Amino acid sequence: MFKNTPMKRVYSIIILLMIVFVAFAQKPSLNKAYNAFSNGEFLEAKSLIDQCVDDPKLSTKATTYLYKGNIYLYLANQEYEQKKKDDAYIIKFPEAPVQAYDAFIKAKSLDKNVEAFNMLSPDVAIPSLYGLLYVYGVDLLISNKFEDAIPVLDKATKCYEIGTPSFPLYGELYYFYGYALEMLKDPKA
């Protein structure tokens, strides 16, 4: 009655593959991203939050961008700490401070009072980004990527002006920003 025909094998394989794909299909989830962040798994959290940002429903929520900002901020801090310990370490996500800044600005534009447990609010996080943005901007200057350095250093100055940190730079930030503008003959210099 049950003959083992080649067509039945093909259908069986197709059905098995469909079950496997459905089982492993990962829907974007803010909870999963938050849990990975809370567990200190910043690379996993980055991957998960990137899926959430690409999701049509989740991309309209301020909490999505609050989570993204925090995840990228902590990822950037982790990488720069590693770089301090080992000069040979190559930063894998140099854009993380810029991504964090943009995410916090977006979160605040969607909801001025956005908050989440165990996460920095945009008002607290944005001023703390100036150091990371400053270092990244100077790295771009050293690489003679003046055009790329200008928006990074511009964001660093905005962070710095929101709240002067406990270790102020005494003009270095503005010097490098002006230097980048001057190198491109920008009239703002």
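None of the figures in this text is laboratory data; all of them are computed from the coordinates on show. Just so you know, these numbers come straight off a predicted model, no measurement behind them. So basically every Cβ, Gly included, is an ideal-geometry build from the backbone, and we count neighbours across all protein chains shown.
Things worth noting here:
- For the stretch 33-133, the set of GluC sites (Glu not before Pro) satisfying both a DSSP loop assignment and a count of at most 16 other C-beta atoms within 10 Å is given as 41, 95, 115.
- Sequence-distant aspartates and glutamates (8 or more away, or on other chains) whose Cα lies within less than 17 Å of residue 92: 41, 44, 50, 79, 81, 139
- Under 12 Å, Cβ to Cβ, from residue 89 - net charge with Lys/Arg +1 and Asp/Glu -1: 0
- Given 57/185; 32/112; 57/83; 83/158; 84/106; 32/84, the pairs whose alpha carbons are separated by over 32 Å: 57/185; 57/83
- Convex hull (Cα only) mean projected area of the stretch 27-128, reported in nm² to one decimal: 6.3
- Around residue 129: net Lys/Arg minus Asp/Glu count, Cβ-Cβ under 10 Å: +2
- Low-density loop positions, trypsin sites (Lys or Arg not before Pro), the stretch 19-107 - DSSP coil, at most 14 other Cβ in 10 Å: 57, 92
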